[in-house]
Amino acid sequence: MAPSALTPPDEDFPRWYQDVVAKAEMADNGPVRGTMVIRPYGYALWERMQAEMDWRIKRAGAQNAYFPIFIPESYFAREAEHVEGFSPELAVVTHAGGEDLAEPIVVRPTSETVIGEFMAKWVQSYRDLPLALNQWANVVRWELRPRLFLRSSEFLWQEGHTAHASYDDAHAYALTIHHDVYDEFLREVLAAPAFLGIKPPSERFAGAVNSLTLEGMMRDGKALQMGTTHELGQNFSRAFNIVFQTEAGGSGLCYTTSWGASTRLVGGLVMMHGDENGLVVPPRLAPIQAVVLSVRDDATLLEAAARLRDGLAGEGVRVELDRGRASFGRRVTDWEIKGVPVRVEVGPRDLEAGQATLVRRDTGEKEAVALGAVPTRVGALLEEVQRALYERARRFRDERTVEVGSVDEAAAAAQEGFARLGWALVDGEGEARLREAAITVRCLQRADGSVPESPDEEGLVCIVGKSY
RNA sequence: CGGGCUGUAGCGCAGCUUGGUAGCGCGCUGCGUUCGGGACGCAGAGGUCCCGGGUUCAAAUCCCGGCAGCCCGACCA
């Protein structure tokens with residue numbers, strides 16, 4: 001076995017992460033600090049995430065729209081907590097068209113304000129509600145410590161924004177997004193088990209009355225927030241005057257929500273499933289699910305490989321034929337680094353036996369399959385890999401999530417993973433003590449793991465850990 | 001934004017202490033032999049030594065100021 005092209009993850013996890021992102025040709029740093037150039041393979045992964053989230057978002061009743069990247073600074077000032085929370089991260093345009101601007105323009109860090117302004121215009125009657133919008137966009141949050149995908153000054157995301165006639169309706173919608181869009185996407189496509197819960201007040205979105213979160217565990221034991229949904233109460237409706245005429249003829253103030261998932265998920269994918277040989281992409285997400293490669297640059301083999309490619313494509317497998325001229329071993333490692341779930345190898349010995357060799361990326365296991373059976377077998381294998389990745393990630397997470405009985409125990413246990421303990425033990429001073437150990441409360445749950453209504457419910461537990 | 005480390009070919013690095021012709025490995029190009037887990041031979045191409053200023057006959061090397069990257073912290077999707 002050749003030496004790995006990557007820094008071993010156990011030796012230096014951040015370095016390993018960078019190696020994977022670079023060698024899998026996912027992204028490069030941009031010329032301005034914190035900016036990111038997303039390369040075709042990285043973007044293909046994001047496009048797959050977009051496609052899988054987009055239809056679920058539409059299924060949840062939201063429509064796509066687009067709002068401007070430039071927002072009047074005065075909009076931010078209208079919601080006190082919001083402006084306070086985002087001010088440090090804003091990029092502001094003060095000069096344009098060769099002149100100083102009368103009013104500075106903010107480059108959007110998120111779009112609650114501008115969308116709120118237009119919701120106020122569009123919502124007249126209870127019949128206009130709920131109003132559910134989503135946009136796919138770039139946003140800018142000036143980052144002091146950027147990392148490719150995980151924390152860049154400009155990133156891509158979807159942001160959903162909804163307005164409802166009642167608290168109950170807004171709350172129910174937030175839960176729908178939380179479960180039926182984000183959690184379902186994470187579980188079924190990204191093979192990513194997450195802890196679902198709500199943020200403690202200290203970790204809430206600026207301007208929200210409640211923030212729901214999905215927290216995944218990376219292979220270094222740290223937490224990554226993989227999606228959030230905010231109940232904004234009437235804070236933004238009040239600030240932007242999103243009012244409607246009620247069925248009874250009175251006047252109502254909307255309840256709004258906002259929710260987002262970003263290109264950070266691409267980084268999460270790397271860190272949740274990757275291994276010492278590079279990226280490992282869950283089949284349902286993979287832009288390339290299977291790659292067919294002939295062991296030699298030989299006309300007969302290439303022809304057989306092309307037939308296999310056609311057969312797989314015919315079964316709906318996203319398949320690519322490797323026509324590279326590099327040595328076989330080199331081509332294998334290159335596809336491994338990119339995390340393609342299944343390799344279909346065909347060599348002279350295979351051909352003689354009328355078979356191909358299938359190799360799964362997650363375990364490295366090989367199996368010989370008759371040529372005619374390859375498409376069917378690959379389809380089944382992809383599903384097996386999908387399940388196995390989820391199970392492996394879930395086991396890993398559960399093994400590193402320990403129940404503890406005090407803040408001190410939590411501080412020790414959460415160095416290598418998560419700790420779970422009573423929220424009452426942490427609420428208040430405990431949070432500050434954990435923070436000294438670089439540990440934060442990732443989410444609050446009920447004892448049975450379900451999502452609570454508010455941090456004030458009795459008997460809640462919290463999951464704490466280090467985070468990205 | 002604070003502390004630490006670093007910037008030399010696409011990538012990884014040596015050279016800097018003690019100023020004097022810019023190097024190595026991988027990658028890249030061409031030809032040939034190869035190909036069942038990062039192949040090999042021969043011949044080549046490729047450099048504003050991060051940027052700006054200063055010292056000097058002379059700066060990759062010394063001094064000052066920026067910019068960028070990485071790690072740790074505070075902040076965050």
Environment charge of A:Asn64, counting only residues whose C-beta is closer than 14 Å and scoring Lys/Arg +1, Asp/Glu -1: +1
Per-residue HN-Hα couplings for the range A:111-122 [Karplus 6.51, -1.76, 1.60; θ = phi - 60°; Hz; x = Gly/Pro]: 10, 3, 5, 5, 5, x, 4, 7, 4, 4, 6, 8
Normalised convex hull volume, the range A:1-123, alpha-carbon set, Å³ per residue: 209
Selected from A:Met218, A:Ala208, A:Val402, residue furthest toward positive end of dipole (chain A; charges at beta carbon): A:Met218
Three-way shape call for the range A:290-384 based on the alpha-carbon gyration tensor, with the a/c threshold at 1.5: rounded
Between the range A:88-105 and the range A:365-427, the Cα center-to-center distance that results, in Å: 47
Size of electric dipole in the range A:290-384: Cβ of Lys, Arg +1 and of Asp, Glu -1, about Cα centre, debye, nearest 20: 240
Charge-dipole axis of chain A as Lys and Arg at +1 and Asp and Glu at -1 on Cβ define it, positive-most pick from A:Gly347, A:Ser262, A:Leu312: A:Gly347
Order of A:Ile105, A:Ile38 - criterion: other Cβ atoms within 10 Å of each residue's Cβ, fewest first: A:Ile105, A:Ile38
Chain A, helix-only ellipticity at 222 nm - DSSP H runs n ≥ 4, -39,500 (n - 2.57), divided by all residues, nearest 500: -10500 deg cm²/dmol
Relative contact order of chain A, defined on C-alpha pairs under 8 angstrom at six or more residues apart (%): 15
Inter-label distance, nm, simple model (7 Å from Cα along the C-beta direction), A:Glu89/A:Ser450: 3.2
Contact order relative to length of the range A:401-465, as percent, for alpha carbon pairs under 8 angstrom and 6 or more apart: 37
Angle in degrees between helix A:299-314 and the longest Cα principal axis of chain A, rounded to the nearest 10: 40
Cα shape, chain A, gyration tensor, a/c 1.5 rule: prolate
Per-pair calculated FRET efficiency, R0 = 56 Å: A:Glu429 and A:Ala96 via Cβ, rounded to 0.05: 0.70
Computed lengthening from A:Asp28 to A:Glu276, 0.36 nm per intervening residue step minus Cα-Cα distance: 87.2 nm
Cα centroid separation - the range A:312-357 against the range A:225-296, whole Å: 33
Non-local Lys pairs in the range A:13-273, i.e. 8 or more apart or on different chains, that have alpha carbons under 28 Å apart: 4
Cβ-derived FRET efficiency at R0 60 Å, A:Lys121 paired with A:Arg323, nearest 0.05: 0.65
Debye, to nearest 20: dipole size of chain A, +1 on Lys, Arg Cβ, -1 on Asp, Glu Cβ: 1200
Tilt relative to chain A, helix A:13-23 - C-alpha long axis, 0 to 90 degrees, to 10: 70
Acute angle (nearest 10 degrees) that the helix A:167-176 long axis makes with the longest principal axis of chain A, alpha-carbon atoms: 10
Options A:Leu90, A:Leu101, A:Ala194, ranked by Cα towards positive dipole end of the range A:13-273, top entry (Cβ charges): A:Ala194
Residues A:Ser87, A:Ser153, A:Ser258, sorted so that the one with the fewest Cβ neighbours within 10 Å comes first: A:Ser87, A:Ser153, A:Ser258
Sorted by Cβ neighbour density within 10 Å, fewest at the top, the residues A:Lys23, A:Lys466: A:Lys23, A:Lys466
Separation of the A:Ala373 and A:Phe70 label points, Cα + 7 Å toward Cβ, nm: 6.4
Unit charges on C-beta of K, R, D, E only; dipole of the range A:326-468, Debye: 940
Amide H contacts under 5 Å for A:Val106, placed H, 5+ residues apart: A:Ile71, A:Glu73, A:Val93
Nitroxide proxy distance, nm - points 7 Å out along Cα→Cβ at A:Arg394 and A:Val37: 4.1
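Any read-out appearing in this document is the output of simple, stated calculations on the displayed coordinates, not a laboratory observation. Since this is a predicted model, take the numbers as computed values, not measurements. Quick reminder, even Gly has a Cβ in these numbers, built from the backbone with ideal geometry, and neighbours come from all protein chains shown.
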